[in-house]
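Below: one structure, written as structure tokens.
The values are calculated or read from the model by the stated rules, or taken from the named source; none is laboratory data. The structure displayed is predicted, hence computed values, not measured ones. No Cβ is skipped: glycine too gets one built from the backbone with ideal geometry, and neighbour counts run over all protein chains shown. Keep in mind that these areas ignore ligands, DNA and RNA; they rest on the heavy atoms of the full protein, side chains included. Shrake-Rupley method; radii C 1.70, N 1.55, O 1.52, S 1.80 Å.
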Amino acid sequence: MNYRLIRSIDILVQRELKKCQLQFDINENKLLKVAEYQVDTESNAVLIYLLEPKSVPGGKLPFVVIDVEGIYGVFAFENKAVILEASSSILEFI
């Protein structure tokens, strides 16, 4: 299945990441550039990788809580947002 963030949520996430001074890439539609979605349907949770999973360093990463409904937080590395941890309710099928 193919997913994407609901557009209104995507825009709110970008605003919050900017407030936290976390860098991120955007695509040609001015939405977050997502490398991969890892959806756990049993727990209704998703990890949204903003970088390729193999390029995310192992070990502990700083975790930042942002004020967007459905987003639990953001894992960061070197001032760059790398993984969003969220409820799968913020996704839509494409």
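What to note about this one:
- Look at the alpha carbon pairs under 8 Å that are at least 6 residues apart: their mean separation over the length of the chain gives a relative contact order of 33 percent.
- Local net charge near residue 25, Cβ-Cβ under 10 Å (Lys/Arg +1, Asp/Glu -1): +2
- All-pairs Cα distance distribution in the chain, expressed in whole percent, bin size 10 Å: 16, 56, 27, 1
- Computed over protein heavy atoms with a 1.4 Å probe, the carbon and sulfur contribution to the accessible area of the chain reaches 48%.
- Long-range HN-HN contacts of residue 82 with modeled amide H, under 5 Å: 75, 76, 77
- Heavy-atom surface of segment 32-73, accessible at 1.4 Å and reported per residue (Å²): 65 Å²
- Cβ-defined net charge surrounding residue 77, 15 Å radius [Lys, Arg +1; Asp, Glu -1]: -1
- Working from label points 7 Å from Cα in the Cα-to-Cβ sense, the residue 45 to residue 31 distance is 2.4 nm.
- Most positive-pole-ward Cα, 34, 46, 93, against dipole of the chain from beta carbon charges: 34
- Antiparallel DSSP beta bridges within segment 18-94, as percent of all bridges there, nearest 5: 95 percent
- Cα gyration tensor, segment 1-48 - rounded (a/c under 1.5), prolate or oblate: prolate
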